[in-house]
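See structure below.
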Amino acid sequence: MNHLKNKTVIVTGASSGIGAATATALARQGAHVVLAARSQERLDAVVEQIVRDGGTAIARVSDVTDRNDAAALARFPKDTYGSVDILVNNAGLMLFSYWSDLAVDDWEAMIDTNIKGYLYSIAGVLPIMLEQGAGQILNMDSVAGHQVDPAAGVYSSTKFFVQAMTESMRKDLGVNHNIRVNTVSPGVIDTGWADKVNDLEGRRTAKKLNEIAIASDDVANAVVYALNQPENVTVNDLIISPTKQNW
């Protein structure tokens, strides 16, 4: 049974990578998808393709690190479609460095996006879902939220935060308010992240790692599976990794 048809879904970080693939996959299931990201041009391209394929999608340029803008994003589909049924918290930033690099600007950027961005988006949709008496929130996590690499200490910390936050939300919102909350934790994915690694040797390592990577569509399929469950079922955490990934 398709439990996603006619549901209104917000996908953050939806202009490329996992977000774009997820928005497209959810639209194929008949959901009304609201795509959010910072680039109007990229958002429009994804929306155009979804509509061309027969789906329903609209876009809103949004900055989830801005509390007021995240709140406005939540109201946008409520005003347009009359509800906010699902939030896919996907906008994220993954920057690698060793502690000795003292990359404080990178630390702050990841905290702002990966933690505050998630919290602000949740704060935006939660009043609507509480009033509805139902909803789903999927927080995109990572295998980095289960184990730590020396060069990914702050990134992993943000994803451990997501794990803890989601578990608390599941025990409160799921049990007491019929708002299901879960995570999908991808392993190595080729979303172009290797090109963003500043350290030359680190970039070589990242590109080598990408040789075994899975695609964004694979993660999107996992998101659809996690969300497309009957109301009495919650997929708490779904880890999806390349078959050849040994960590």
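Structure above, values below:
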| item | result |
| --- | --- |
| Karplus-derived 3J(HN,Hα), 6.51/-1.76/1.60, for each residue of the stretch 181-187, Hz, glycine and proline x | 9, 8, 10, 10, 10, x, x |
| Helix-only CD estimate at 222 nm, as mean residue ellipticity for the chain, using -39500 (n - 2.57) per DSSP H run (n ≥ 4) | -13000 deg cm²/dmol |
| C-alpha long axis of helix 153-169 to longest principal axis of the chain, angle in ° | 30 degrees |
| Local net charge near GLY30, Cβ-Cβ under 11 Å (Lys/Arg +1, Asp/Glu -1) | +3 |
| About the Cα centre, charge dipole magnitude for the chain (Lys/Arg +1, Asp/Glu -1 at Cβ), debye | 520 debye |
| Cα-based shape type of the stretch 1-41, given that a ≥ b ≥ c are square roots of the gyration tensor eigenvalues and the cut on a/c is 1.5 | prolate |
| Amide H contacts under 5 Å for ILE240, placed H, 5+ residues apart | SER185, GLY187 |
| Above-threshold pairs, the threshold being 21 Å between Cα atoms, out of LYS5/LYS159; LYS116/LYS159; LYS5/LYS78 | LYS5/LYS159 |
| Of (i) 49, 48, 35; (ii) 50, 40, 36; (iii) 45, 43, 37, the label for Cα extents along the principal axes in Å derived from the coordinates | (ii) |
| Positive dipole terminus of the chain, leading residue within VAL175, ASN210, ALA71 (C-beta point charges) | VAL175 |
| Angle in degrees between helix 67-81 and the longest Cα principal axis of the chain, rounded to the nearest 10 | 40 degrees |
| In Hz, Karplus ³J(HN,Hα) per residue of the stretch 221-230 (6.51, -1.76, 1.60; θ = phi - 60°; x = Gly, Pro) | 5, 5, 4, 4, 4, 5, 7, 8, 10, x |
| Nearest-ten-degree value, helix 40-52 long axis tilted from longest Cα axis of the chain | 50 degrees |
| Signed unit charges on C-beta, dipole axis of the chain, positive-most listed residue GLN29, MET129, GLN245 | GLN29 |
| Calculated from backbone phi, Karplus (6.51, -1.76, 1.60) coupling profile of the stretch 237-247 in Hz, x at Gly/Pro | 8, 10, 8, 10, 9, x, 4, 8, 7, 9, 9 |
| Ranked list, fewest to most other Cβ atoms within 10 Å of each Cβ, for VAL88, VAL188 | VAL188, VAL88 |
| Between the stretch 93-118 and the stretch 133-163, the Cα center-to-center distance that results, in Å | 13 Å |
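Only the coordinates and a few stated rules stand behind these numbers; no lab work does. No experiment lies behind these values; they were computed from the predicted model shown. A quick note on method: Cβ atoms are made from the backbone with ideal geometry, for glycine too, and the neighbour counts reach across all protein chains shown.
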